[in-house]
Amino acid sequence: YSVPPGDVSDIEVSRFLDEIAAMSPADADNVLKAFADRSAIPQLIRKLRNREKEISEAAAYSLALAVARNGMLVPRERAMLMSDWTFRQSAILLAHLLRCVATGETREALADTVIKVAQPLPFGLECLRWIYHDEQKSEEERIISLAGEERISGILAERIRAQAEENPLYQTFGRDAPWLYWFWNKQDGGESVATHLRARFEANPNEVDDFLDTFVGEAWGMESGLPHRADFDRENYEAVSKLIDPDFLMANLKRRYGAELDAPEFYHDSDTPLARRFAHQFAYIHLKVNKEQT
């Protein structure tokens, strides 16, 4: 008799799939926006995934582009064991929609367009992750050609570089930034990321704090079940060191925090500002790594 908030009726899903091929991009965007306004995107994605093998080629083509354009409407759940469920399922749906389109130039061109229009950039990277061929699967299960994978990787890397030049990724995308920097660095295979970050930190020394902050995720209290900021650990340090020389960052921190980093402490009370705590933890691990190398 009714559809509760956050739910989507089967009739709505069927109508959407029947009509989307003939919709303009603006109309398709408006339909997805209406689902988002009633917090129904998770249920919509779930029901679309249940039907993904039945979707016509024309509908799959239009739906793939609509989902890519509207990745910013996809909620990012926070949970102890399974965060970003809808975000991940949306990217998987998009990869499977590509399979509904006949192999060849049409599918390759659609993959290119999906990566060109995917918003925001972290969603584009998640989509690319699922479009890539899994080496454990047969070649018949490949979505696009190897050349196509290389092409869309280049497209996304260039988009990331352009966005970084406009505004630092660690300011725009928060804890998604390390993932974007990693991919840009992997595709470039050179010093572009390090050069970019060095120039930024030389002009804006305090932004090193913002940069380090993005590498630290959340930990969950076993008793309270509530999230809190984790520590900057060795794994975070290794990820940072693959992007920029840690000696450069250490020199930056020493100039700003002074002699207190000569004997840094890893553990701090809850009153310590996060930037100071992460600076101490970075310095603590940096000294430990140098001793190991010596």
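The values are calculated or read from the model by the stated rules, or taken from the named source; none is laboratory data. From a predicted model like this one, the values you see are computed outputs, not experimental measurements. In this analysis, Cβ positions are derived from the backbone assuming ideal geometry, glycine residues included, and neighbour counts consider all displayed protein chains. Surface accessibility is based on the protein's heavy atoms, side chains included, excluding ligands, DNA and RNA. Shrake-Rupley method; radii C 1.70, N 1.55, O 1.52, S 1.80 Å.
Under 5 Å between amide hydrogens, built in the peptide plane, is the criterion, and for Arg229 it picks out Ala219 among residues at least 5 positions away or on other chains. On segment 118-263, 47 percent of the accessible area sits on carbon and sulfur atoms, based on a 1.4 Å probe. For segment 67-134, GluC sites (Glu not before Pro) are listed when DSSP marks them as loop and at most 14 other Cβ atoms sit within 10 Å of their Cβ; the list is Glu77.
With the simple spin-label model, which puts each label point 7 Å out from Cα in the Cβ direction, the Glu57 to Lys116 separation comes to 2.1 nm. Extension gain, Glu158 to Ser9: 0.36 nm times the residue separation minus the Cα-Cα distance gives 49.6 nm.
Here the chain is scanned for trypsin sites (Lys or Arg not before Pro) in DSSP loops (not H, G, I, E, B) that have at most 11 other Cβ atoms within 10 Å, and the longest stretch holding none of them is 138-294.
Only one residue of Ile143, Ile244, Ile160 has its Cα farthest out toward the positive end of the dipole of segment 137-294, where Lys and Arg carry +1 and Asp and Glu -1 on Cβ, and that residue is Ile244. Taking 7 Å steps out from each Cα toward its Cβ at Leu274 and Ser39 produces label points 2.4 nm apart. By the rule of a C-alpha distance below 26 Å, with chain neighbours fewer than 8 residues away ignored, the lysines paired with Lys291 are Lys242, Lys254. Taking the alpha carbon gyration tensor of segment 1-144, multiplying each eigenvalue by 5 and rooting it gives semi-axes of 23, 18, 14 Å, largest first. Applying 0.36 nm per residue to the separation of Arg76 and Lys186 and subtracting their alpha-carbon distance, the gain on full extension is 37.1 nm.
Surface composition of segment 41-108: carbon and sulfur atoms hold 52% of the protein heavy-atom accessible area at a 1.4 Å probe. Comparing Ser39, Ile55, Ala109 along the charge dipole axis of the chain, the residue lying farthest to the positive side is Ser39, per the Cβ-charge model.
How much length would be gained if the chain were fully extended between Glu19 and His133, taking 0.36 nm per residue of separation minus their Cα-Cα distance, in nm to one decimal? All intermediate terms of the calculation are to be shown ahead of the outcome.
Numbers: separation 114, 0.36 × 114 = 41.04 nm, distance 3.09 nm.
Stretched fully, the Glu19-His133 segment lengthens by 38.0 nm.
Dipole magnitude for the chain: about 180 debye, using +1 per Lys or Arg Cβ and -1 per Asp or Glu Cβ, origin at the Cα centre. Under 21 Å of direct C-alpha separation, and excluding same-chain neighbours fewer than eight residues apart, Lys116 reaches these lysines: Lys33, Lys186.
Measuring spread by the Cα atoms of segment 139-294 yields a radius of gyration and Dmax of 17.8, 60 Å.
Dipole orientation for segment 167-294: of the candidates Leu197, Tyr284, Gly217, Leu197 has the Cα lying most toward the positive pole (charges on Cβ; Lys, Arg +1; Asp, Glu -1). For Rg/Rh (Cα atoms, Kirkwood Rh), the candidate list reads (i) 0.96; (ii) 0.94; (iii) 1.04; the entry that matches the value derived from this model is (iii). Between helix 85-99 and the chain there is an angle of about 50 degrees, using the helix long axis and the longest principal axis of the Cα atoms. Estimated from helices alone, the mean residue ellipticity of the chain at 222 nm is -19500 deg cm²/dmol (sum of -39500 (n - 2.57) over DSSP H runs with n ≥ 4, per residue).
Summing Lys, Arg as +1 and Asp, Glu as -1, what charge do residues with Cβ under 13 Å from the Cβ of Leu17 carry, Leu17 excluded? Taking every Cβ under 13 Å from that of Leu17, the sum is -2. Other residues within the sphere of radius under 13 Å centred on the Cβ of Pro205, judged by their own Cβ, net out at +1 (K and R +1, D and E -1). The residues of the chain have, on average, 52 Å² of accessible surface per residue, using a 1.4 Å probe with all protein chains present.
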